[in-house]
1. Scan around Ala462 for amide H atoms under 5 Å from its own, H built in the peptide plane at 1.01 Å from N, and keep only partners 5 or more places away or cross-chain.
2. Ordering Arg536, Arg297 from largest to smallest accessible area (1.4 angstrom probe), what's the sequence?
3. For segment 415-525, count all C-alpha to C-alpha pairs, find those more than 20 Å apart, and express that count as a whole percent of the total.
4. How big is the shadow of the Cα convex hull of segment 388-455, averaged over all directions, in nm²?
5. By the gyration tensor of its Cα atoms, with a ≥ b ≥ c the square roots of the eigenvalues, what is the shape of the chain: rounded for a/c under 1.5, prolate for a/b over b/c, or oblate?
6. With a 10 Å radius around each residue's Cβ, average the other Cβ atoms per peptide and rank 260-268, 331-339, highest first.
7. How much of Asp191 can a 1.4 Å solvent probe reach, expressed as accessible area in Å² and rounded to 10?
8. Calculate, for segment 388-455, the solvent-accessible area per residue in square angstrom, rolling a 1.4 angstrom probe over the heavy atoms of the protein chains.
Amino acid sequence: MEPRPWHRFYDDGVPTSIDYMDLTLPQILDKTAEKYKDRSAVLFEGLRLTYGQLKEYVDRLACALQAMGIRKGDKVAIQLPNLPQTIIAYYGVLKAGGIAVMTNPLYVAREIEHQFNDAGCKAAIIADFLWMQKVREIRDKLPCEFYVLTGIKDFLPFPKNFLFPFVAKKTGTVVKVPSEKGVYWLKDLLDRYEPAPKPIEYDMEEICNLQYTGGTTGVSKGAMLTHRNLSYNVQQCKAWFPIVEEGREVILSALPFFHSFGLTVCMNFAILIGGVQIPVPNPRDIKKLISLIEKYRVTLFPGVPTLFNAINQFPGIEKVDIRSVKGCISGSAPLPIEVAQRFEQLTGGSIIEGYGLTETSPVSHANPLVNKARRKIGSIGLPVPDTDCKIVDLEEGTKELPPGQDGEVIIKGPQVMKGYYNRPDETAQVLRDGWLYTGDIGKMDEDGYFYIVGRKKEMIIAGGYNIYPREIDEVLYEHPKILEACAIGVPDPHRGETVKAFVVLKPGETATEQEIIDYCRTKLAAYKVPRIIEFRDELPKSTVGKVLRRVLKEEEMAKLKKQ
């Protein structure tokens, strides 16, 4: 790659190009387990899994899946919160030759049905409570031949595993799963099968993940991520953090593994560097989060601004020792300068803002971590090694714009996806001549630092989650009382953005704000549900009758300026 203006601002020790290991993620786990067999890989509620034990569990699951009919290229959904089992499931699926389809545990039945069918999942590995609450009732509508269940208690050490049913019963979360054909327990499979899966010959260009994201149409679609995409991106992350000490880091895995950010910078990154990771199934429990940082002397903490801000604001945080944290990367939403400064005061470490997309595996940009003089507040930073980026005109996307001018951000690099699964038309829209057209509007300064100033797409980012307003519109239009509807993102001090919906009722109908919100809760994951409903007599439209979302957004921003 030819020299770029941003290369001179890299931290000392960060290369402009990397000599990559051509290893798949399971091969990286094997390599790490050979080197650090007896070192801790996972700590969870008193459980300690060494790298040797983690590899053995992965091999046992891979062997089981192969025996149950999973062949190279078969899709296996994984719908779990952050647990030790999630790591075992992910690497087990890949080692068996399967393609992992990471599924959000917050999805409702409608969303699960779309994703499993769109991907053509042959099997699914699911939390027992999700099976009983959501998946079992739509089993006949899904393509899966079998299901593997696991419960939180399965990997709890004694006496927590003994006490868990009593705690679950007391809190109303006790799960009783009836015996059914085609339903197996992960724990039984790990006991029954040997750690000897049939070896799979991999091509680095073959797909290993279908990572679902939204789109301009509002329909969730699978980004085809290859072994090279994910392996190289995690190696790019390692190169970007020269402070990392292999075999000695402690990573707080509070970002969900089903999201590409958590998958790469928590799960896969920890395994690449031989670090110990602490899976966090409920990152909203800030008290627990802080106690984990203090107890295990966490050194690396990838997160989102809302998470860092919640820790900053936690009562009595000044009296807690969290100064073991030396490095954090913040993504998914803009990082306010006050949040960054406060967190660095509390920890003594460095927190940097980065950028990425599901389609880039996901990391493409980050600010320098070590040399604070090279960070630029408000910037997403510099393209990581072997990544090219430029700003092009919004109309055709063919003219490169000079520094300071706003245009569409386009990216090229080894982490860019192969395309969208079974969607050649949408793939052609975003992948052109090797460049990924992100749909984000940004600019580059004279030094090669990039800034996001808006979105060409209408995506809402709330609490780090991507929300596509078209999907919310479609749910609202299904309501029998609603004539027209339009959802937009509005600023929110805690979530970055939150969803507001404008609703026009059918003649003669009446409805309350809460009624509409409650209806949406039955159709959408909780983070997508509108928090604000505004009833109107009509919505702004173009000359051809298209509802103008942009006008509603402009009206809301104008209101805020007057306040």
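The values are calculated or read from the model by the stated rules, or taken from the named source; none is laboratory data. Predicted model, so just to flag it, every value in this text is computed and none were measured. Please note: Cβ atoms are built from the backbone with ideal geometry, for glycine as well, and neighbour counts cover all protein chains shown. When the accessible area is computed, the model is the full protein with side chains, heavy atoms only, and any ligands, DNA or RNA have been set aside. Shrake-Rupley method; radii C 1.70, N 1.55, O 1.52, S 1.80 Å.
1. Ile467
2. Numbers: Arg536 55, Arg297 90 Å².
Largest accessible area first, the residues go Arg297, Arg536.
3. Details: 3486 of 6105 pairs.
Tail fraction, whole percent: 57.
4. Working: hull surface 18.9 nm².
Over every viewing direction, the Cα hull of segment 388-455 projects on average to 4.7 nm².
5. Numbers: a/c = 1.40, a/b = 1.12, b/c = 1.25.
It is rounded, given that a/c, with a ≥ b ≥ c, falls under 1.5.
6. Working: 260-268: 26.7, 331-339: 18.7.
So the peptides 260-268, 331-339, ranked by packing, come out 260-268, 331-339.
7. For Asp191, the solvent-accessible surface is approximately 120 Å².
8. On the way: 3180 Å² over 68 residues.
Accessible area per residue: 47 Å².
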